């Protein structure tokens with residue numbers, strides 16, 4: 001069964017190394033909380049706000065060893081209500097875990113995005 005796992009984080013500045021570090025932190029938390037195996041990940045889609053141009057968030061996943069996982073990156077629309085300096089991810093995961101038992105992870109200032117979970 002294919003499931004979606006969401007996550008988001010923020011950085012403090014448009015800085016390549018910080019983008020990579022925060023992506024690594026986010027992906028590690030998602031994997032740990034959901035007890036994922038990278039081999040079961042079908043794909044990951046990253047988005048970032050328009051104020052982040054120093055690095056592709058997907059490159060942070062590649063640095064973690066996600067060499068076989070198909071990755072895609074896109075830019076969010078510019079919106080006056082958007083959380084700035086934000087990176088989001090949607091992981092498509094092959095698992096038998098029910099959708100209601102999946103743990104979506106929001107770190108740093110991104111915790112405000114989904115206060116319901």
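Every number here is computed from the coordinates shown, using simple stated rules; none is lab data. None of the values given here were measured: they were computed from a predicted structure. Note that we place each Cβ from the backbone using ideal geometry, even for glycine, and neighbour counts take in every protein chain shown.
Over the chain, what is the relative contact order in percent, taking alpha-carbon pairs closer than 8 angstrom and at least six residues apart? Kindly include the intermediate steps, with their values, before the conclusion.
Values: 210 pairs, mean separation 52.4, N = 117.
Relative contact order, the chain: 45 percent.
Whole-percent P(r), the range 2-112, all Cα pairs, 10 Å bins from 0: 15, 51, 29, 5.
Please give the FRET efficiency for residue 16 paired with residue 72, using the beta carbon to beta carbon distance and R0 = 25 Å, rounded to the nearest 0.05.
According to the calculation, E is roughly 0.80.
Starting from 0.36 nm per residue, how many nanometres of slack lie between residue 98 and residue 112 once their C-alpha separation is accounted for? Spell out each step's value before the answer.
Working: separation 14, 0.36 × 14 = 5.04 nm, distance 2.47 nm.
Gain in length upon complete extension: 2.6 nm.
Exposure proxy ranking for 5, 69, 23, based on other Cβ atoms within 10 angstrom of each Cβ and starting from the fewest, stands as 69, 5, 23. Restricting to the chain, compute how many DSSP beta bridges are antiparallel as a %, nearest 5. Counting DSSP beta bridges with both partners in the chain, the antiparallel share is about 70 percent.
Residues 49, 95, 67, ranked from the fewest to the most other C-beta atoms within 10 Å, line up as 67, 95, 49. Highest GNM mean-square fluctuation, the chain, Cα pairs closer than 10 Å: which of 44, 13, 29? Fluctuation is largest for 13. With helices as the sole contributors, the chain gives -7000 deg cm²/dmol at 222 nm; each DSSP H run of n ≥ 4 counts as -39500 (n - 2.57), and the sum is divided by every residue. Report the FRET efficiency, 1/(1 + (r/R0)^6), for residue 40 and residue 82, where r is their Cβ-Cβ distance and R0 is 35 Å, rounded to 0.05. It comes to 0.65.
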